[in-house]
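The values are calculated or read from the model by the stated rules, or taken from the named source; none is laboratory data. None of the values given here were measured: they were computed from a predicted structure. For neighbour counting, all protein chains shown are included, and Cβ atoms are generated from backbone atoms with ideal geometry for every residue, glycine included. All accessible areas refer to the heavy atoms of the entire protein, side chains included, with ligands and DNA or RNA removed. Shrake-Rupley method; radii C 1.70, N 1.55, O 1.52, S 1.80 Å.
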Amino acid sequence: MAGRPRVGVLALQGDVREHLAMLEGLGADARPVRTRAQLDDVAGLVLPGGESSVIDRLSRILGLRDAIVARIGDGMPVYGTCAGMILLADEILDAAPGQRTFGGLDAVVRRNAFGSQVDSFETDLDVPALGAPPVRAVFIRAPVVERTGERATPLAAVDGRVVAIEQGPLLATSFHPEVQREARFHRRFLDRVDGLG
């Protein structure tokens with residue numbers, strides 16, 4: 001990777017610190033993004049896990065939503081985990097009242113598809129695009145991809161349900177690689193950022 005790509009983690013709610021630590025550990029210049037100016041200053045963005053409806057609402061209150069949508073439309077690399085996957089999808093099933101997404105990912109995602117907090121689980125996932133070994137994946141109130149459009153490519157599934165997907169500069173996982181210090185998805189995201197230079 002050439003230089004230190006400057007990337008952001010949307011820091012409105014959720015597990016922001018874990019993503020910042022992961023990205024810094026991979027050599028990125030990672031910083032929290034809470035304002036339009038901070039968003040304008042990064043070449044890629046991570047949408048962390050958390051509560052997707054809260055992140056959506058705060059992004060609108062703070063005037064960030066339209067700017068994020070525009071940057072995605074312009075081809076900014078974005079990696080969404082859990083709630084971030086929901087926010088990247090073009091359509092949500094079981095959305096909270098009035099909930100919207102940033103969109104960009106040609107997929108339909110269902111919120112809380114694996115159940116509530118007590119239904120959280122871990123499993124080993126084969127992700128051919130990442131090679132061996134399997135990914136140890138942590139699912140916490142996780143969404144699932146119900147339908148994948150023509151432009152998106154599934155990367156991994158649990159019991160036939162898609163839990164990792166990519167489309168050009170966009171990458172999304174239902175699970176939390178940062179919890180297990182699984183760096184390969186973050187590295188894949190950074191490769192896309194680096195490819196812009």
Q: With a 10 Å radius around each residue's Cβ, average the other Cβ atoms per peptide and rank 20-29, 105-114, highest first.
A: 105-114, 20-29
Q) What do you get for Rg/Rh of region 1-107 when both radii come from the Cα atoms and Rh is the Kirkwood radius? A) 0.95
**Q.** Peptide ranges 45-56, 69-80 listed from the most packed, as the mean C-beta count within 10 angstrom indicates
**A.** 45-56, 69-80
Q) In region 52-117, carbon and sulfur make up what percent of the accessible area (probe 1.4 Å)? A) 49
Q: For region 9-63, report the convex hull volume of the alpha-carbon atoms normalised per residue, in Å³, without decimals.
A: 62
Q) Which ³J(HN,Hα) values in Hz, rounded to whole numbers, follow from the phi angles of region 184-194 under the Karplus curve 6.51 cos²θ - 1.76 cosθ + 1.60, where θ = phi - 60° and Gly and Pro get x? A) 5, 6, 5, 5, 4, 4, 5, 4, 5, 4, 5
(Q) Over region 130-196, with the other protein chains present, what is the accessible area per residue in square angstrom, probe 1.4 angstrom? (A) 42
(Q) Could you compute how fast the chain diffuses translationally, taking Rh as the Kirkwood radius over C-alpha pairs and applying Stokes-Einstein at 25 °C with viscosity 0.890 mPa s? Give it in µm² per second. (A) 151
